[in-house]
Amino acid sequence: MIRLTIASSLLALLTACGDGQPLFDETTTDTDTTDTDTTDDGEDSDGGIDNDGAVTVLPGTTNASSDTGIFRFEEAVDGGGLVEAVAYDSATDTFTVDGIGFDGENVYTRMPGTLATVGTARVFGASSSVTDPLTGTPVDQVTPYRALYGVSKNQADGQPITSYAIVRTGGYVPYGFGGFVYQRDGGVTLPETGQATFSGDYSGIRVFNNRGGLEYTTGDMSMQIDFEDFNANDAVKGRLTNRIAIDQFGNEIELGTEDGDLQLPDVTISIQEGSPSIDSNGEISTDMGSYISNGEGGIEVYETGTFNGLVAGDATNLPGGEIVGVIVLESTDPRYTDVTVQETGGVILYR
């Protein structure tokens, strides 16, 4: 995959690749981060599982079950999926990202001031220059590279029950290289009956196709699960609301409803007949989208995307478990001509 940078040299063509093992809070998971193999026992060729009670999952843990921790990462499409190894160092408040070229020396430092956090996610930035160790000459990096890191407020055996990380850049003409990961530590206990509602903060990052720079978003997310039947197409519903856009310098961006205004409407989970949204392992995968007025009394599609996540903990006893997941949305940006935007955000939702 070739990406044209928007850095000092607009003629430089760069490629990047990813490798490594997952690492959160200085401990590795016990999961195998390879694509699911194809078998004849209900699994399909792309690593997912057919509609016999399970969902199609992202790459990561093989032989997942409700008793195991699970680690997932973005598919390798359009420059994404290059992040499979990240680590947070609490002693230095730094974040290590492996798998991306020209993002400094892999160690991202905490952003200053109001950009230290977006929503409840910590924000880290890569260095803009690296020194050639032989000559001392500075080497310009692709900028800006940013990482969002979200971690559960609940712990088990001294480790957060869930966490996620998102890495994106605004340094390329099309969408740049990056990726996201999310995981749960330990298994999940799901009720056999009843319904539950979860809610929490949303933290996102927006990058562009045909334009440089990046933006952040915050918001609220709620999700409901019907535990009666994991094969039912209405097992999961949810809504992303109250989004706010922030430019890369920390300034809030004005929203509107007229032509040329940026809009951030509510985003809802799409219920599709015959497509299960949650399985007995606690894996969630479903489409999401938003709509706006077309000015003629009707509505039109504004954003399309997906939610992928995991239920974690014991959902049968208080505090009732939690959900970690990542949303990816794409839309046309009304503020510019021929510019599309990709928004990637993470949530950790609680009962």
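The values are calculated or read from the model by the stated rules, or taken from the named source; none is laboratory data. Please read all numbers here as calculations on a predicted model, not as lab measurements. Note that each Cβ is placed from the backbone with ideal geometry, even for glycine, and that neighbours are counted across all protein chains shown. The accessibility values were calculated without ligands, DNA or RNA, using every heavy atom of the protein model including side chains. Shrake-Rupley method; radii C 1.70, N 1.55, O 1.52, S 1.80 Å.
Among residues belonging to region 145-166 that are in a loop (DSSP other than H, G, I, E, B) and in contact with a strand residue (DSSP E or B) (Cβ under 6 Å, 6 or more places away or on another chain), point out the one that is surrounded by the most Cβ atoms within 10 Å (Cβ to Cβ).
Checking each candidate, the answer is ILE161.
To keep it simple, each residue is scored yes or no on (1) at pLDDT 95 or above; (2) of a type outside the set (Phe, Trp, Tyr); (3) buried (at least 18 other Cβ atoms within 10 Å of the Cβ); (4) out of contact with any Leu (no Cβ under 8 Å at 6 or more places or on another chain).
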position: ARG168; (1), (2), (3), (4): yes, yes, yes, no
position: TYR175; (1), (2), (3), (4): no, no, yes, yes
position: LEU214; (1), (2), (3), (4): yes, yes, yes, yes
position: ALA232; (1), (2), (3), (4): no, yes, no, yes
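Among the listed residues THR92, THR96, THR15, which satisfies the condition of being hydroxyl-bearing (Ser, Thr, Tyr) and modelled with pLDDT under 50?
Within the list THR92, THR96, THR15, the selection yields THR15.
Of all strands (runs of 3 or more DSSP E) completely enclosed by region 256-321, which ones contain at least 2 residues that are among the small types (Gly, Ala, Ser) and modelled with pLDDT under 95?
Here the list reads 283-293.
Exactly one of these conditions fails for ALA54: (1) at pLDDT 95 or above; (2) in contact with a Phe, Trp or Tyr (Cβ under 9 Å, 6 or more places away or on another chain). Give me its number.
All conditions pass for ALA54, except number (1).
Here is a list: THR135, THR96. Which entry is farther than 18 Å from THR344 by Cα and assigned to a strand (DSSP E or B)?
Within the list THR135, THR96, the selection yields THR96.
Hey, could you check region 277-329 for residues that are over 21 Å from the mean Cα position of the chain (by Cα) and closer than 23 Å to ILE225 by Cβ and say which is most open to solvent (accessible area, probe 1.4 Å)?
Among those residues, the one meeting the criterion is LEU318.
Among the residues of region 68-125 satisfying the criterion of being of a type in the set (Phe, Trp, Tyr) and open to solvent by less than 40 Å² (accessible area, probe 1.4 Å), which is nearest to the chain's Cα centre (by Cα)?
This residue is PHE73.
Assess whether LEU264 counts as being open to solvent by less than 30 Å² (accessible area, probe 1.4 Å) and farther than 21 Å from PHE198 by Cα.
yes
Within region 217-230, count every residue that is open to solvent by 30 Å² or more (accessible area, probe 1.4 Å) and part of a strand (DSSP E or B).
Total satisfying the criteria: 4.
Quick check, is VAL207 crowded, with 18+ Cβ neighbours inside 10 Å and under 18 Å from the mean Cα position of the chain (by Cα)?
Criteria met by VAL207.
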